[in-house]
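Visitor: This is the structure, below, for whatever I ask next.
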Amino acid sequence: MSTRPRSPDTPLAIEVEIQSEKASAMRRVASRLEALLVELQETEQVLRETSGPARARLVARHKELRADADKQRWYLIVQREAMGLRHHGDIYEMYRLPAPVE
C-alpha cells in the first residue's frame with residue numbers, strides 16, 4: 001500500500017472544515033441582515049401612511065430594526081475578516097442602511 005505525501009499547498013481536512021463553518025456563519029449573518037433590510041423597507045412604506053401614536057410606535061420599531069441591521073452588518077464584516085477579506089466597501093454598498101426616521 002503506497003501513500004503519497006501531502007502537498008504543502010493541500011489544506012488539512014480540519015482546515016477545510018473550519019473554512020466551511022466560517023462560510024456558513026457568514027451566510028447566516030448575511031441572511032439575517034437581508035431580512036432586516038426588507039423589514040425596514042416595509043416599515044418605511046407603512047410609516048408614509050401612518051400618523052399619531054401608531055406612527056410613534058413605528059418610528060421606534062424602525063430605530064430598533066436599523067440598530068439590529070447595523071449590528072448584523074458589523075457581524076458580517078467580522079466574519080469576512082475571519083475569512084481573510086479585508087476590504088469591506090462592497091458590504092456597505094450592498095447592504096445600505098436607510099436613513100433614520102423621525
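Visitor: Take the residues in the stretch 31-69 that are in contact (Cβ under 8 Å) with a residue 60 or more places away in the chain and of a type in the set (A, V, I, L, M, F, W, C); name whichever of them is nearest to Pro100 (Cα to Cα).
Guide: My answer is Leu37.
Visitor: Of these, Val46, Val59, Val101, which one is β-branched (Val, Ile, Thr), at pLDDT 95 or above and touching an Asp or Glu at 6+ places or on another chain (Cβ under 9 Å)?
Guide: Within the list Val46, Val59, Val101, the selection yields Val59.
Visitor: While we're here: So, restricting to helices (runs of 4 or more DSSP H) that lie completely within the stretch 3-102, which ones have at least 3 residues that are surrounded by 13 or more Cβ atoms within 10 Å (Cβ to Cβ)?
Guide: It comes to 13-47, 52-82.
The values are calculated or read from the model by the stated rules, or taken from the named source; none is laboratory data. Bear in mind the structure is a predicted one, so any value in this text is a computation, not a measurement. Cβ coordinates were reconstructed from backbone atoms using ideal geometry, including for glycine residues, and neighbour counts include every protein chain displayed.
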